[in-house]
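*Asks:* Have a look at this one before I ask anything.
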Amino acid sequence: AGYSAAAAAAGQLALMSLYETLFATQEIEPSQFLVTRRDFVDEACRKNLQHSIQAIMDVGMVPIINENDAVSGNAGYSEVPDGCFSDNDGLAALVAKLVGADCLIMLTDVEGLYDRPPSEAGARLVREVH
């Protein structure tokens, strides 16, 4: 039936419920941040997000960060309007940079990082990133 903001909102609730249950088995409390590209582009928003994530980590909680699809207008992978993330890989890289992460480990179903979408002709695997 297509992508909908209502489905995204309901899905986030279910996802966080699952995370809460799984993390509870390890006595870890998760937290949720739903972001849009504006949170990284607008300096005040970026600083607030950075401070909030750090405060959550300082008290031992695990921040779970995802795009706020319900308000971003992201219609899924086929139609990505300006201001939306096309995938969680880009979001993960922005968050890693924002918090000054020593490394970023991405779990994926592709061989690695490509110089363009791996489905495109001529796509090459990037062996090293500095």
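*Asks:* Once the piece of chain linking Y114 and V71 is laid out straight, how much longer is it, given 0.36 nm per residue of separation minus the C-alpha distance between them?
*Replies:* Taking Y114 through V71 to full extension adds about 12.5 nm, to one decimal.
*Asks:* Given H placed 1.01 Å from N in the peptide plane, which residues other than close sequence neighbours of I64 have an amide H under 5 Å from its amide H?
*Replies:* Answer set, sorted by chain and number: S31, Q32, F33.
*Asks:* A follow-up question, please. What is the calculated FRET efficiency for F23 to A121, with r their C-beta to C-beta distance and R₀ = 35 Å, to the nearest 0.05?
*Replies:* Efficiency at R0 = 35 Å is approximately 0.25.
*Asks:* Could you tell me the calculated FRET efficiency between S52 and V129, based on Cβ-Cβ distance and R0 = 30 angstrom, to the nearest 0.05?
*Replies:* Calculated transfer efficiency: 0.60.
*Asks:* If you don't mind, another one. In sequence order, what are the phi-derived ³J(HN,Hα) couplings for region 116-126 according to the Karplus relation 6.51 cos²θ - 1.76 cosθ + 1.60 with θ = phi - 60°, rounded to whole Hz, with x for glycine and proline?
*Replies:* 6, x, x, 6, 7, 4, x, 5, 10, 6, 8
Computed from the coordinates by the stated procedures, all read-outs in this text should not be read as laboratory data. These numbers were taken from a predicted model, which means no experiment stands behind them. All Cβ positions, even for glycine, are placed from backbone atoms using ideal geometry, and neighbour counts span all protein chains on display.
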